[in-house]
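Since the structure comes first, as structure tokens, the remarks are kept for the end.
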Amino acid sequence: MRWSIVLVAVLVLAAGCAARQSDSPWREVSLPQHGARVLEFAPIAGGVLALGSIPAGDGRAPAAWSSPDGTRWTSVPVRPDSPYGALAELISAGTGTHTVVLGEAFGGAHSNPRMTIWSGDGRGLAEHAQAMEMFGGPHAIAVTAAAARGSTDLLVGGWDGDNGRYGAAFWTSADGADWQRHAGDPALSSAPGEQTGVAGVGTGTQGFVIVGETLRDNILRPLEWTSPDGFGWQRHELPGANAVAARVGCGDTGCTVLGQSIGATPHVLCWPSADADPVPVPGTGSVDVLQVLATASRVLSLVALDHVVQLASMTPNCTGWQQIYLPESAPVARMIALPTGLLLATTEADRSRLWLHALP
């Protein structure tokens, strides 16, 4: 009798666990490849491009996959053209007439980031090796993110400009291979008495949007830069002080910016427009805004609070905040909206997991 009772208890516990798993709004889908780290998604004709890396020897190697729906994956040929390209993880991308991709490896005497540049589509990606001082060398600060719109590819970051002041900079290309650096743009570069910095970039119906900050009089102020073509920029100082803008997501009606306050207890801030006061949204502690994604009616955000990612939904004007519980705890995540739902990659040090959720 005792063993019968134990068996019944085990079966009831198992049934309860299965019920809780089946009740989850998240459905786990297969990784495109064993050991894959999926760090970026990009829309392509007929589906989505997933970008990241796979295990290779003692390190990682660049990898990409395409899918029509986020569940069925096809490996995309990736052709490195430099020693660091063969070691890179693909971390950021933008899609215009083609897809431009930013890769990152670490090496050299100081194990600094070594950026690699790629372009292509769902049929293949090729690296375009660059002269060392196009993105690196003694004047380099960082290359942060990639975007594309039409035939213009854009990379953003920081550079030690011709005026001898560190500041925001950008790079442009028409084909993903030949690049021009713009380190002295009057809107982005540092004026006397300030230092500008770039954190993120996005695209919308009106063109490109860069977000970041300026340090002036020992006070950080959030900034947004806009351009219809990626070449001529206009600076907008967002309301608020001791704050930075980190990521931007643009929809049909405009762009929503997320960032954080700077101080003893940082918290998440949301700007519904360039002239609107920031709206505090739930979340304090160690703040890392990872992504802002605009859908047809809502804005979704991925924010790491104390190194644990949280997903939230809000209106484009930063109201109606709702937390969406994630299927697992992870320090890094990335998402994209598909006709089949919200595709999410949660990532640990050695692998990712993929999930689908009905589009909030």
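Overall dimensions of the range 46-128, expressed as equivalent-ellipsoid semi-axes from the Cα gyration tensor (√(5λ), whole Å, largest first), are 23, 14, 10.
In the chain, a dipole from Cβ-located charges (positive for Lys and Arg, negative for Asp and Glu) runs towards its positive end, and of Val299, Ala274, Gly204 it is Val299 whose Cα lies farthest in that direction.
Largest first and in whole Å, the equivalent-ellipsoid semi-axes of the range 218-360 read 25, 19, 14, each the square root of five times a Cα gyration tensor eigenvalue.
Dipole magnitude for the chain: about 1000 debye, using +1 per Lys or Arg Cβ and -1 per Asp or Glu Cβ, origin at the Cα centre. Stokes-Einstein diffusion for the range 135-238, with the hydrodynamic radius set to the Kirkwood value over Cα pairs and evaluated at 4 °C in a medium of 1.567 mPa s, equals 96 µm²/s. Where the alpha-carbon atoms of the range 57-177 are placed on the principal axes, they occupy 50, 38, 21 Å, in descending order.
Rounding to the nearest 10 and keeping the result within 0 to 90°, find how far the Cα-based axis of helix 2-23 lies from the longest principal axis of the chain. Its long axis makes an angle of about 30 degrees.
Between Ala63 and Gly52, Ser53, Ile54, Leu90, the built amide H atoms are under 5 Å apart, and every one of these is 5 or more places off in sequence or on another chain.
Computed with a 1.4 Å probe on the full set of protein chains, the accessible area for Met134 sits at about 40 Å². Remark on Phe106: its backbone amide H falls under 5 Å from those of Arg114, a criterion applied only to residues 5 or more positions apart or on other chains, H modelled at 1.01 Å from N.
Could you tell me how far the Cα centroid of the range 282-319 sits from the Cα centroid of the range 164-223, in Å? If you average the Cα positions of each part, the centres end up 23 Å apart.
Across the chain, the relative contact order, built from alpha-carbon pairs under 8 Å that are at least six residues apart, equals 11 percent. Computed with every protein chain present, the accessible area of Thr253 is close to 130 Å² [probe 1.4 Å].
The values are calculated or read from the model by the stated rules, or taken from the named source; none is laboratory data. Quantities reported herein were computed from a predicted structural model and do not represent experimental measurements. Note that each Cβ is placed from the backbone with ideal geometry, even for glycine, and that neighbours are counted across all protein chains shown. Only protein heavy atoms, including side chains, enter the accessible area calculation; ligands, DNA and RNA are left aside. Shrake-Rupley method; radii C 1.70, N 1.55, O 1.52, S 1.80 Å.
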